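The values are calculated or read from the model by the stated rules, or taken from the named source; none is laboratory data. All values derive from a computational prediction rather than experimental measurement. Because the Cβ atoms are built from the backbone with ideal geometry, glycine has one as well, and the counts that use them run over all protein chains shown. What goes into the accessible areas is simple: the full protein's heavy atoms, side chains included, and nothing from ligands, DNA or RNA. Shrake-Rupley method; radii C 1.70, N 1.55, O 1.52, S 1.80 Å.
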Amino acid sequence: MRRGSEGTDGSWPSQDRDQAPRVLSALLEDSVEDLYENAPCGYLSTLMDGRIAKINGTLLRWLGRRREDLVGHRHFSDLLTIGGRLYHETHFAPLLRMQGEINGVALELKAADGTRLPVLATSTVKRGEDGEPLLIRTTLLDARDRRAYERELLRARQEAEHDRERLQRLATTLQRTLIPPAIEPVPGMEAAAHYHFASSDEVGGDFYDLFPLAGGSWGFFMGDVRGKGADAAVVTSLARYTLRAAAVSDPEPGSVLANLNTALNQQAQEDEPPFCTVIFGLLAPEEHGLGFHVVLAGGGHPPAMLLRADGSADYLPTPGGQLVGVVPDAQFTTATLDLRPGDTLLLYTDGLTEARTGDAGERYGDEALLDFARSLAPTSAPGAVGAVTALLDSFGEGLDDDTALLAMSVPPGER
Amino acid sequence: MDVRKRNRVRVTGRESGPVVMLAHGFGCDQNLWRLVAPALAEHFRVVLFDHVGAGRSDPSAWSPERYSTLDGYAQDVIGICRELGLGPVTFVGHSVSSMIGVLAAVEEPALFEKLILLTPSPSYIDDGDYRGGFSEQDIDELLESLDSNYLGWSATMAPVIMGNPDRPELGEELTNSFCRTDPEMARVFARTTFLSDNRADLAEVTVPTLVAESAHDTIAPREVGAFVHAQIRGSELVTLDSRGHCPQLSAPEETAEAIIAFVQGS
């Protein structure tokens, strides 16, 4: 195939190559002056104080002004809108002074007829041989199209911010439905709770409650649905209401968890069954009002902590308890204890023990929590929640998951 | 609250010298003083800092409520003076910081030896006979200018900052920090700066005050300088032979001389 007058190697034939400079030079302006005057951008030279020393034809046409009215008489900032002048004085000029150049700053020119022309300004300081600044050279690019495009971006950004706020409000509202607005007071007992939100625009998966049952007994639970967001919220909501409903018909903690397990299994989607970890407990006041008899059932949840009146503290393991919702016939084990005056029972989610505490990313861990509890005991429900909340705060950025706390205590000396 | 970290406070200069505190205005940070600070450091203990929301101040200290009045900034200045415990200082406030200094010195005169108000304006908006130089619409235009530079701000400003062939020692560290401001914070500071009216506070000033205006300043024109001078009893007025709102950049020697003379004068 013949390719025009090109040689076989793609280069121009030699006589054309000789012609090229002449042809090009005929097309191009010879005159440097013309290059300057009619460049496709505005050119401007000013003295260091901003007084206009030289200006090109393009910029004069944009402004609708005459050279003799500007050169020697006006300052660069006189060409700007007042807002642009303020920006020039507070940002552009100081930075240019300090850096010797400034690049692509958005300003608005004001033409003689009052119209405005958005431009992008770039300036450099020309220095003499001794390094002394002599004058400022500025190029101005017509930025009308770009400005329209930027306005669209800005509008889109503002809209996105607005949507994000709406989403946060929605998430916060939804989250509030998943935890009780306040802990109901239990006669003869102090109770306190805290929820740390790791993110303001996602619904976390931790949940807890403390609620009355028939015969003066109370139910409570602390749980954690894996994952976050809308899917987790659906499971959290299901778990919370199932636990409360199941406890009404049969409050035995093992049965309550078994019922939740069945409900979650029925809910299972094809790919991923919803599951959670839970501790469910039943509180029954002791007959002579000394404290409470507690039965706990655990389903894969971090063990509860007992902080005793005598200053000791220990985990209350519910060994063998399986995650709730994974297999149809999950087994849950129970543990019992007596909560006596001065004792505090603390439940929490794994955001606490899995918080990162060091630069190397090590986790806070069960051991550290046990030591912390031992240094804290004896305490009370508000005392324990307050201290652990302060501990959570001390983790700062290391606390990256939602964390819930629920504590119950029998006031000391209660007779 | 560690105020040194909050305001990125730096103390340099002669240890036994009188204390001079330099406060930057809207648009930049403590770097704005770099052409005058070395001359001042020969004579004085020089305290530099960034207002919260500017430069390398602690972003976690920012609160749009606290910093939407000049009093929030004035409280920070008082806090820095107390924390450093250097005794009464001469406070040099540029532009809006001159009014921040006025508010601080009215509230806690014992902390201030002298005030130097560099290109001050107690109110930028025209009001009756008072000519501040601007209308509210003009200020809205400035906010638009800020927004126009909003998108490019972080990307455009950083490379610009690099070009400093005659001061290679500025190097890498300044590349990403020089006079950079979060646009949201700049917006709040702009509104606070240009919409505040502190005319009534001037008469309350009791510490010796120097008003240092720029001969050609569109932001704080000379009639505003004269107004400030007239309102502060016993104040001195000096007109620096400079153009623009930042004489510490356009006429650094003269600005330093004026500061030195006033601090050393009795």
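Odds and ends about this structure:
- Some residue of region A:152-163 being facing chain B (nearest Cβ under 7 Å) and modelled with pLDDT of 85 or more: no
- Selected residue (criterion: farthest from residue A:171 (Cα to Cα)) from residues of region A:222-243 that are aliphatic (A, V, I, L, M) and surrounded by 17 or more Cβ atoms within 10 Å (Cβ to Cβ): A:243
- Filter pass, residue B:65 being over 22 Å from residue B:246 (Cβ atoms), open to solvent by 10 Å² or more (accessible area, probe 1.4 Å) and modelled with pLDDT of 95 or more: no
- Selection within region A:367-385 - under 28 Å from residue A:199 (Cβ atoms) and touching a residue at least 40 places away in the same chain (Cβ under 8 Å): A:369, A:373, A:381, A:382, A:384, A:385
- Segments classed as helices (runs of 4 or more DSSP H), wholly inside region A:24-139, with at least 2 members that are within 8 Å of chain B (Cβ to nearest Cβ): A:82-87, A:93-99
- Residue within region A:398-405 that is assigned by TED's automatic domain parsing to the domain that holds residue A:201, at pLDDT 90 or above and open to solvent by 50 Å² or more (accessible area, probe 1.4 Å) present: no
- Residues of region B:11-35 that are part of a loop (DSSP other than H, G, I, E, B), among the small types (Gly, Ala, Ser) and over 18 Å from the mean Cα position of the chain (by Cα): B:16, B:17.
- Selection count, region B:96-149, where residues are on the phi > 0 side of the Ramachandran plot and open to solvent by 10 Å² or more (accessible area, probe 1.4 Å): 2
- Per-region count, region A:105-141, residues of a type in the set (Gly, Ala, Ser) and surrounded by 18 or more Cβ atoms within 10 Å (Cβ to Cβ): 3
- Condition met for residue A:144 (within 23 Å of residue A:71 (Cβ to Cβ), surrounded by fewer than 17 Cβ atoms within 10 Å (Cβ to Cβ) and touching a residue at least 12 places away in the same chain (Cβ under 8 Å)): no
- Condition check for residue B:208: within 14 Å of chain A (Cβ to nearest Cβ) and either surrounded by fewer than 16 Cβ atoms within 10 Å (Cβ to Cβ) or in contact with a helix residue (DSSP H, G or I) (Cβ under 9 Å, 6 or more places away or on another chain) (or both): no
- Among residues of region A:179-202 that are closer than 23 Å to residue A:165 by Cα and open to solvent by 40 Å² or more (accessible area, probe 1.4 Å), those with a beta-carbon under 6 Å from a residue that is of a type in the set (Lys, Arg) and part of a loop (DSSP other than H, G, I, E, B) at least six positions away or on a different chain give the pairs A:202/A:228.
- Filter result for residue A:169 (assigned to a helix (DSSP H, G or I), under 30 Å from residue A:411 (Cβ atoms) and not small (Gly, Ala, Ser)): no
- Flag if residue A:166 is modelled with pLDDT under 85 and open to solvent by 90 Å² or more (accessible area, probe 1.4 Å): no
- Scanning region B:1-10 for residues that are assigned to a loop (DSSP other than H, G, I, E, B) and either touching a Ser or Thr at 6+ places or on another chain (Cβ under 9 Å) or of a type in the set (Ser, Thr, Tyr) (or both) gives B:7, B:8.
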